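The values are calculated or read from the model by the stated rules, or taken from the named source; none is laboratory data. Just so it is clear, the structure is predicted and the values come from calculations on it, not from any experiment. Cβ placement follows ideal geometry from the backbone for every residue including glycine, while neighbour counts extend to all protein chains displayed.
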Amino acid sequence: MAIQPDEIIPYRQTATEVLTEFNTDSRNGLSEGEARGRLDKYGRNELMVEKPVPAWRKFLAQFQDILVILLLIATLISAGLWLYERDSALPYEAIAIFAVVLLNAIMGYVQQARAEEAMAALRQMTAAQANVVRDGKRQSVPATEVVPGDIIIIEEGNTVPADARVIQSIALQTAEAALTGESLPVLKDELPIEEEVGPGDRDNMVFSGTVAVYGHGRAVVTATGMQTEMGRIAGMLKETPIETTPLQKELHRVGKLLGVAVIAIAVVIITTILLVEDVRGFSALFDILILGVALAVAAVPESLPAVVTVVLSLGVKRMAQKNAIVRHLAAVETLGSANVVASDKTGTLTKNEMTVLAVITASGRVNLEGTGYSPEGEVHREGGGNIDGALQFEFVRALAAADRASNAVLHERNERWAVHGDPTEGALIVAARKAGLEAEVLNARLVRIGEVPFSSERKLMSTVHSDTEVEERLLAFTKGAPDVLLSRCTQELVGDEIKLLTEERRAEILKSNEELAGEALRTLAVSFRTLPKDALRREEFDEHIEKDLVFLGLIGMIDPPRREAKDAVARAMSAGVRPIMITGDHPKTATVIAEELGIPTHGQAVTGSELEKMPEEKLDRTVQEVSVYARVNPEHKLRIVKSLQRGGAIVAMTGDGVNDAPALKTADIGVAMGITGTDVSKEASDVVLADDNFATIVAAVEEGRAIFSNIRKFLRYLLSSNLGEVMIMFFGLLLADVIGLTAESENGLVLPLLATQILWINLISDGPPALALGIDPADPGIMKEPPRPREEGVITRSMWAGNFFTGAIMAAGTLLVLDASLPGGLIEGSGNLRYAQTMAFNTVVFFSMFVVFNARSDKQSAFVGLFSNKWLWGAVLLSIFLQVMVIYVPFLQQAFSTISLSLRDWLLCAAVASSVLWLRELSKIFVRANEKRTRGNLK
C-alpha cells in the first residue's frame, strides 16, 4: 500500500498552508517530472482489487461441466478395460477421448482468456480522466495517474478523481450521497474549518468518487487510492466481472434446452440399442454409455458462450477503432435493433467549430470573415463602409462583454489555433480578437471576481468584474439565449448612451434574431449591468444579478454541418433508422440545418416550450411525425425518449451534460459525447463517441447489426451440424438392417459413427470455423434491411427450419455413403465395417465444411463474397488438414478407428457432402423469390 504525505488535516488549514505542505503551486501545478516521481512514490490512484485468478485454476475450471466429467470418468474406465483385456498395444480409445477433452479445454481456456483481455481493454478505454494543471498548462490525464499535490480542475459533470482541498470555488457544488448519505448537493468554499468535523461537514474538501453538479473550481489533491475517504470505506474493490449480455443468457438457455433434448435422444438411442441389438459383455455396455455421453457433448454447443463473448469483444474493438467506445456489451445487441437515433446538433451533426459571422447592435450590423479558431479575418459594416462612430462603440462593447463572460481559452500550438473549453465561448473570444480586443488589456482592466455559471434551465451565464479604471464600480456581463436575456433587459446601449428599451425596439431585436436564424446562424445575446462595489458580497453573486440589464447586441455564429453527416443521415434512413435532431438553437436555425442534412422537417420544428404544454396523447402523436426539436432542455429530451418508446421505438439518444443522464439512462442506447461530454453523462451511457460524430453512431449501428448477424451465422452452422450428427446416429440405428449395418463382432454392437469420431467432429467444427464466422465481413446490404424487431429471438423459425433441412441432408447423405460402403442394403458395397465408418466419418466432416459456407446467410447465395473472409478459408483448410491426419497417421488411425482411403473415396465423400450446398442454394432461390413476391404485393 502506498504511503501518503505526512499526516496533515487539510480542511483545518488555509489553502496557502495546504499548497505549501504539498510543495505545489496553485497556478502552475506540479511539473511532469515531479508528477512521475510522486506516482512512483505514492502509487497509482486506484482502489485495491482482489488477486487475479491463477491461470491453472482457470484451466481446471474448463473441466467442471458434468458432461466433461463423465467423459473423464469414461477415459479412466476405458483405460481400466485395456489394462484388463490388453487387446492392443496402447489404450487408444482412452487416449483419444482424453485428447479430445483436453483440446476442448485448451480451446475453451484460450477463448475465455481472449474474452477477458478484450473486456480489460474495454474497461481501459472507458477509464476515467481527470483535468489537472501541470507545468502551468491544463491537460487531461488518466485518473489513476493523479498524485498528491496535483492541482485538479473541477467542472460541472466531472467525477472528482481523488480527495482534494478546495482552493477556488465558483458556486461549486458536489453530490456526496455515495459517501456521506447527504441527499442534497453540498456548496464548496475555500475557508478553513477550525474544529474537527466529519467528511459530511468538510465544506472545503471534495472527495474521490463524488460528482460536481454545479459551478466549477480548483483543488489540490491531498489523498489518492486507498488513502481517500472512499478507499477507507471500500477497503477492497472486487474484480469487475465479465458482463453477461441478454443475448448470452438467451443462448445459454437455448444450450440448456438443446442439452435436455439431446440427453433425452441419447437415452432413447441407448435404450433402442439395448432392446434391438444383441449386446453382450461389459465392454459393449461401456461403449454404449460412451456413445450417449459423446452425443450429448457433440450436440450441446458448450463453447457457445465463450465464442459469443469473443465475437462481441472483437466487435467492440472494431467499434473503438471507428471512435465508438462501447461501455456495455449488451449495447452491441441493441444497436442492431435501433430504429430511432435522437441526436444533438452541435458537434454531432455539425463540426463544433463555431465561427461568429455577424454582430447586430442598435446602430447596425457588422460582418466578420474567416473560419475556425484562427483570429484572422476582415471585419466590415454590412453593405460596405468603415465601422465608426456609434456602431464602432457598440460593436466593441458587445464583443468585450462576450469575451469576458467566458471560461474558454484560445491558444496557439504548433502554428495551429485551438480552443480549450466550450466552442461557442471560443468563437466569441476569436471574434473579440478580430475586433482588436487583446486578452492582456481586458484582463488588466476587468478583473473577474465572481461568476454565475450557465445552466440549461436559465440559458444564461454571467460574470462579475472589478473595473480598475473606474473606482467603486463592478460590471456584470451576461450572455445567453436572446429571447431569455431580452426579457431581463430594461435598457439598451445606443452609441455611448444608455436608453430605455421600448416595446417597439424589443420587436425589432426579435425580428433581427429571426433573420439571423433564417441564415442558419446560432444566436446569442449579450448585455451588461453596473453594480456599486459595496452592493454585493462576493458569496452572494447569484442569478439575482441577471435583471435590469443593458442590452448590447445579438451575435450570429455558425457551426457548419459535418460533411460526412449528410451521408450518414441518408444511410440511416435507408436502413430504416429514423434520425431526429434535438438542439437548444432557434427553431429556424434547426430547420435550415436539418434540411441541409436531409432530415425530414415537413416545414416545422417543435420547441421545448411547446413540448411542455403538450398532453401525453398529443406528444405521442407528435413524436411520430416531427423529427426536429429546438430550444430543448434535458428534461424535454427525457419526455421525447419516453414518448418514442411508448410508440414501440428502440431509441439511441445522445447527450453530454449532467442533466442529460436521465435521458441517456432511459434510452435503449445512451450515447455520450467523448469530447464535450461530462463524466456523469459518460457514466450513464452505453456508448461513448470519441469524436462526437453522428456518422460514428450510424457506423456503430452497422457494426452492431454485423455482429448480431455473425452470431446468427455460427449458430446456424453449429446447430445444423449438431442436428445432422444426432439424426445420423438415430436413423442409422433405426434403419441399420435397411442400410446393411450389421455386426461383425460377438457383442453385436454396431454404430454409424464411433464415440471418439463424434467428439472429433465436434472439436474441429465447433472450433476454428465457428470463430471465423464470427468475424465474417458485414453483408453489403445490411444497411438496406429494416432493424431487427425487439421481440425477435436470436434463433428464428426460419433458422430452425433451415437447420433441420440441413441436418436432414447431412443424415441422408452420410447414411447413403455408409450403405454404399457395406455389402447388402439399398446400395451394394464391398467394404468392411471399419472402412464404412471411416467413409461416414469423413463425409460428415466434409458436410460441416460445406455447411459453414451455407451458414453465412439464410437467403443470400453462398457464392456471394465467397472469398471475402480469408480466416474462414484458413479455418476450413486447417480442419481438412487435421482430418487427413486422422485418416492416415497410424497412431491416430488406432485412436479413432479409421483406415486409409483412396483418392476415389475422398472424391465420393466430397461430392456427396457438396449436395448440402446445392440443395440449400435451391431453397434460397425459393426464399428470395417469395420475399420479392411479398414485397410486390405490399406495394
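Quick look at the values:
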| read-out | value |
| --- | --- |
| Selected residue (criterion: farthest from V680 (Cα to Cα)) from residues of the range 175-216 that are of a type in the set (G, A, S) and either touching a Leu at 6+ places or on another chain (Cβ under 9 Å) or modelled with pLDDT of 90 or more (or both) | G200 |
| Filtered residues of the range 861-871 (kept if surrounded by 15 or more Cβ atoms within 10 Å (Cβ to Cβ) and either outside the structural domain of T796 (by TED's automatic domain parsing) or more than 29 Å from the chain's Cα centre (by Cα) (or both)) | S861, A862 |
| Single residue of the range 779-830 satisfying the filter (polar (S, T, N, Q), in contact with a helix residue (DSSP H, G or I) (Cβ under 6 Å, 6 or more places away or on another chain) and touching a residue at least 24 places away in the same chain (Cβ under 8 Å)) that is surrounded by the fewest Cβ atoms within 10 Å (Cβ to Cβ) | N803 |
| V688 vs. criteria in contact with a Ser or Thr (Cβ under 7 Å, 6 or more places away or on another chain) and not small (G, A, S) | yes |
| Per-region count, the range 358-394, residues at pLDDT 90 or above, of a type in the set (F, W, Y) and under 46 Å from the mean Cα position of the chain (by Cα) | 0 |
| Selected residue (only one of I106, I95 is closer than 30 Å to K317 by Cα, part of a helix (DSSP H, G or I) and modelled with pLDDT of 70 or more) | I106 |
| Residue list for the range 217-235, restricted to those being more than 15 Å from V147 (Cβ to Cβ) and either surrounded by fewer than 20 Cβ atoms within 10 Å (Cβ to Cβ) or at pLDDT 85 or above (or both) | G217, R218, R232, I233, A234, G235 |
| Test set (1) assigned to a strand (DSSP E or B); (2) modelled with pLDDT of 85 or more; (3) buried (at least 20 other Cβ atoms within 10 Å of the Cβ) - P148 fails condition number | (1) |
| Matching residues in the range 895-905 - criterion: being crowded, with 17+ Cβ neighbours inside 10 Å and either assigned to a helix (DSSP H, G or I) or outside the structural domain of Q837 (by TED's automatic domain parsing) (or both) | A895, F896, D905 |
| Yes/no for A875 being within 26 Å of I711 (Cβ to Cβ) and crowded, with 20+ Cβ neighbours inside 10 Å | yes |
| Residue check for S857: under 16 Å from A770 (Cα atoms), of a type in the set (S, T, N, Q) and in a helix (DSSP H, G or I) | no |
| All positions within the range 371-389 that are within 22 Å of P560 (Cα to Cα) and touching a helix residue (DSSP H, G or I) at 6+ places or on another chain (Cβ under 9 Å) | G372, Y373, S374, P375, E376, G377, E378, V379 |
| Test: residue in the range 18-25 that is out of contact with any Phe, Trp or Tyr (no Cβ under 8 Å at 6 or more places or on another chain), modelled with pLDDT under 70 and among the hydroxyl-bearing types (S, T, Y) | no |
| Any hit, the range 872-887, residues being out of contact with any His (no Cβ under 6 Å at 6 or more places or on another chain), assigned by TED's automatic domain parsing to the domain that holds W918 and assigned to a loop (DSSP other than H, G, I, E, B) | no |
| Test: residue in the range 533-556 that is under 22 Å from V632 (Cα atoms), in a helix (DSSP H, G or I) and at pLDDT 85 or above | no |
| Matching residues in the range 313-336 - criterion: being in a helix (DSSP H, G or I), charged (D, E, K, R) and either modelled with pLDDT of 80 or more or in contact with a Phe, Trp or Tyr (Cβ under 7 Å, 6 or more places away or on another chain) (or both) | R318, E333 |
| Candidates L428, L460, filtered to the one that is at pLDDT 90 or above and within 18 Å of V379 (Cα to Cα) | L428 |
| Which numbered condition L866 misses (of (1) free of Cβ contacts under 8 Å to residues at least 40 places away in the same chain; (2) within 19 Å of W760 (Cβ to Cβ); (3) among the hydrophobic types (A, V, I, L, M, F, W, C)) | (2) |
| Candidate set: the range 607-656, residues that are in contact with a Ser or Thr (Cβ under 6 Å, 6 or more places away or on another chain) and not in a helix (DSSP H, G or I); chosen: the one modelled with the highest pLDDT | V628 |
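Table: residues versus (1) closer than 18 Å to G674 by Cβ; (2) part of a strand (DSSP E or B); (3) assigned by TED's automatic domain parsing to the domain that holds G450; (4) in contact with a Cys (Cβ under 8 Å, 6 or more places away or on another chain).
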site	(1), (2), (3), (4)
V311	no, no, no, no
A338	no, no, no, no
R365	no, yes, yes, no
G370	no, no, yes, no
H380	no, yes, yes, no
I387	no, no, yes, no
Q392	no, no, yes, no
A401	no, no, yes, no
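Let's see how each residue does on (1) aromatic (F, W, Y); (2) crowded, with 23+ Cβ neighbours inside 10 Å:
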residue	(1), (2)
G389	no, no
Q392	no, no
F395	yes, yes
L399	no, yes
A405	no, yes
A408	no, no
R413	no, no
I429	no, yes
A432	no, yes
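So that you can scan it fast, the table gives a plain yes or no per residue for (1) assigned by TED's automatic domain parsing to the domain that holds E497; (2) of a type in the set (S, T, N, Q); (3) in a loop (DSSP other than H, G, I, E, B); (4) at pLDDT 90 or above:
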{"site": "V569", "(1), (2), (3), (4)": "no, no, no, yes"}
{"site": "A572", "(1), (2), (3), (4)": "no, no, no, yes"}
{"site": "G584", "(1), (2), (3), (4)": "no, no, yes, no"}
{"site": "E595", "(1), (2), (3), (4)": "no, no, no, no"}
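Here's the yes/no breakdown for (1) within 30 Å of N367 (Cα to Cα); (2) surrounded by fewer than 22 Cβ atoms within 10 Å (Cβ to Cβ); (3) in contact (Cβ under 8 Å) with a residue 12 or more places away in the chain:
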site	(1), (2), (3)
G556	yes, no, yes
P615	no, yes, no
E625	no, yes, yes
V628	yes, no, yes
